[in-house]
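Heads up: the structure comes next, in C-alpha cells.
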Amino acid sequence: MDNAQPESRTNVFIVEDSAPIRERLVGLLRDTEGVTVVGEADTAKAAVEGILRTRPDTVVLDIQLSGGSGIEVLRKIHPLAPEVVFIVLTNHSNPQYRRICTEAGASHFLDKTSEFAKVMEVIAGLGGAGQQRLGN
C-alpha cells in the first residue's frame, strides 16, 4: 500500500564544475520535500550522457564547465528531451548569455551570486510536472 509515489516528486540533475557548489546544491535540494537528485556532472560530456540516461524533470546547469559549456549541453539535450526544464545558474549573468540560453531552451536563468537560493523556489514551483514548463 506504499506503492503510490508523491505527486510532487521532482527528479533533478545537477551540472556544475565546482565541487563545493555542486555539494551545496545537492544538500539544499536533498532537504527540499519532493525533490530527488538523480545525478551530477562536472563536464559537458558527462552531463549529456547523464541527462539522457536519467531523464530528469529538471536540470540545474552552469554555463562554464570542464571540457565544454552548459550552452552546448542545452543545444544537445533540448531538441532530444524538450520536456526537461533547464535552470541555468551562472556567474555569467549578462543579457547576451541570458538570450543565448533562453534561445537554446533554458526556462530559467539565475545569477549564482544573487539568486542561488531561488533555485529551490523554482524547483518547488515545478511540482514534478515538466509539462508546467513555459514554452520557448
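Couple of notes before you dig in:
- Within the stretch 109-136, residues that are within 15 Å of Phe86 (Cβ to Cβ) have Cβ atoms under 6 Å from residues that are basic (Lys, Arg) and at pLDDT 85 or above in these pairs: Phe109/Arg98; Leu110/Lys118, counting only partners at least 6 apart in sequence or on another chain.
- Filter result (part of a helix (DSSP H, G or I) and surrounded by fewer than 16 Cβ atoms within 10 Å (Cβ to Cβ)) within the stretch 29-44: Arg30
- Of note, Gly34 satisfies the criterion of being among the small types (Gly, Ala, Ser) and modelled with pLDDT under 95.
- For beta carbons closer than 6 Å, sequence separation of 6+ or different chains, a first residue in the stretch 19-34 that is under 20 Å from Leu65 (Cα atoms) and a second that is at pLDDT 90 or above and among the charged types (D, E, K, R), the qualifying pairs are Arg22/Glu16; Arg22/Glu40.
- Of all residues in the stretch 49-85, those satisfying the criterion of being closer than 15 Å to Val38 by Cβ, touching a helix residue (DSSP H, G or I) at 6+ places or on another chain (Cβ under 8 Å) and not charged (D, E, K, R) are Ile51, Leu52, Thr58, Val59, Val60, Leu61, Ile77, Ala81, Val84, Val85.
- Once the stretch 45-57 is narrowed to residues that are open to solvent by 50 Å² or more (accessible area, probe 1.4 Å) and in contact with a Gly (Cβ under 8 Å, 6 or more places away or on another chain), the residue that is nearest to Gln96 (Cα to Cα) is Lys45.
The values are calculated or read from the model by the stated rules, or taken from the named source; none is laboratory data. Please read these numbers as outputs of a predicted model, since none were measured by experiment. Cβ atoms come from the backbone with ideal geometry, glycine included; neighbour counts cover every protein chain shown. In case anyone asks, the SASA skips ligands and DNA or RNA and just uses the protein heavy atoms, side chains included. Shrake-Rupley method; radii C 1.70, N 1.55, O 1.52, S 1.80 Å.
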